[in-house]
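The values are calculated or read from the model by the stated rules, or taken from the named source; none is laboratory data. It should be emphasised that the depicted structure is a prediction, and the values quoted were computed from it without experimental measurement. We place every Cβ from the backbone using ideal geometry, glycine too, and count neighbours over all the protein chains shown.
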Amino acid sequence: MPAVHDSVERWLYGGALLGLIGGAWVTMGLLSASAYAPYFSHDFAGIDVPWSVGARLAIFVAGWTLMSIAMMLPSSLPLVTGFRTMTRRASFVSLLIAGYLCVWALFGTAVFLADAVLHELIEVTPGLNERADLIPAGLLLAAGLFQFSPLKYACLKQCRSPLGFLIQRWRGGPRPLRAFTVGIEHGMFCVGCCWGLMLLMVGVGGIHLGWMLVLGAIMFMEKAVSWGRWITMPLGGVLALWGLALLLRIPGVPLPF
């Protein structure tokens with residue numbers, strides 16, 4: 001009987017995660033084909049709609065969180081599954097995921113505010129709006145160079161060792177609070193190693209399923225596949241050279257977005 005119960009629990013666990021991730025992808029796909037797609041992009045700050053900053057922020061962060069579920073949560077499944085095996089409590093797993101997504105939502109808030117400041121800067125700086133190519137070039141260059149940074153590798157080290165990460169942190173304090181805290185800590189390391197690539201989604205315009213699939217697959221391989229570490233530097237080189245070529249306005253170099 002316990003074996004049957006464990007089997008049912010595994011199916012429920014798998015179905016819940018598949019529903020969460022799959023639902024996020026389906027929702028993003030529907031939004032990308034709708035008239036509401038610009039409201040989840042970096043252009044939202046410049047769209048003339050009679051909404052408060054708070055309403056704009058809430059809409060953008062909602063879309064950003066959905067994108068994080070679709071793109072980032074799959075790369076954290078080894079840690080989530082290991083945590084479920086350790087705790088055997090669905091409620092603790094939910095709290096872990098909630099803490100993880102809170103960090104990505106906070107990062108989305110920072111992205112929105114920084115983008116709003118950038119729009120204001122473009123409006124008040126003569127000639128800057130004529131060099132719109134600086135934004136994708138700068139994002140590519142920043143994302144590429146970050147692939148070589150010590151911070152990238154320090155955070156990736158934590159993400160690539162889910163069992164060690166859990167053993168070090170699953171101790172002390174009320175267990176529900178600890179589960180939420182572990183999710184927050186994992187989210188911080190996840191943002192620390194993936195923020196550069198996720199910022200490319202801002203340049204893309206927020207909802208672009210092709211870029212979501214490519215970048216999501218890359219980040220999954222970097223974090224969850226044993227040979228993923230071998231793609232980090234080559235990818236950084238490609239992105240940095242692409243961005244530099246755009247900055248230098250080399251003929252024939254395509255814009256990424």
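For the range 209-242, a residue qualifies if it is at pLDDT below 90 and buried (at least 20 other Cβ atoms within 10 Å of the Cβ), and exactly one does: Met212. Exactly one residue out of Val103, Val93, Val111, Val124 is surrounded by 15 or more Cβ atoms within 10 Å (Cβ to Cβ), over 18 Å from the mean Cα position of the chain (by Cα) and either β-branched (Val, Ile, Thr) or over 22 Å from Met71 (Cβ atoms) (or both): that is Val93. Taking first residues from the range 150-164 that are in contact (Cβ under 8 Å) with a residue 40 or more places away in the chain and partners that are part of a helix (DSSP H, G or I) and of a type in the set (Lys, Arg), the Cβ contacts under 7 Å between residues at least 6 apart in sequence or on separate chains come to Leu156/Lys223; Cys159/Lys223; Arg160/Lys223. Residues in the range 50-89 that are in contact (Cβ under 8 Å) with a residue 40 or more places away in the chain, touching a Phe, Trp or Tyr at 6+ places or on another chain (Cβ under 7 Å) and among the aliphatic types (A, V, I, L, M): Leu57, Val61, Ala70, Met72, Leu79, Met86. If the condition is being under 16 Å from Gly15 (Cα atoms), of a type outside the set (S, T, N, Q) and part of a helix (DSSP H, G or I), then the range 79-90 contributes Val80, Arg84, Ala90. Pairing residues of the range 94-119 that are farther than 16 Å from Trp195 by Cβ with residues that are hydroxyl-bearing (Ser, Thr, Tyr) and in a helix (DSSP H, G or I), at Cβ distances under 7 Å and at least 6 apart in sequence or on separate chains, gives Gly99/Thr181. Here Leu118 does not qualify as assigned to a helix (DSSP H, G or I) and under 20 Å from Met188 (Cβ atoms). If a residue has to be of a type in the set (A, V, I, L, M, F, W, C) and either farther than 18 Å from Ala224 by Cβ or over 11 Å from the mean Cα position of the chain (by Cα) (or both) to count, how many in the range 69-90 make the cut? Count: 6.
I'd like the full set of residues that are of a type in the set (D, E, K, R) and more than 18 Å from the chain's Cα centre (by Cα), limited to the range 222-249. Scanning the range 222-249 gives Arg229, Arg249.
Across the range 44-58, which residue is nearest to Ala105 (Cα to Cα) among those that are modelled with pLDDT of 70 or more and buried (at least 17 other Cβ atoms within 10 Å of the Cβ)?
Of the range 44-58, the ones modelled with pLDDT of 70 or more are 51-58.
Remaining after also requiring buried (at least 17 other Cβ atoms within 10 Å of the Cβ): 56-57.
Working: Arg56: 14, Leu57: 11 Å.
Step by step, filter the range 44-58, then rank; the result is Leu57.
For His119, are the conditions met, namely being modelled with pLDDT of 95 or more and over 20 Å from Leu235 (Cα atoms)? For His119, the condition - modelled with pLDDT of 95 or more and over 20 Å from Leu235 (Cα atoms) - is not met.
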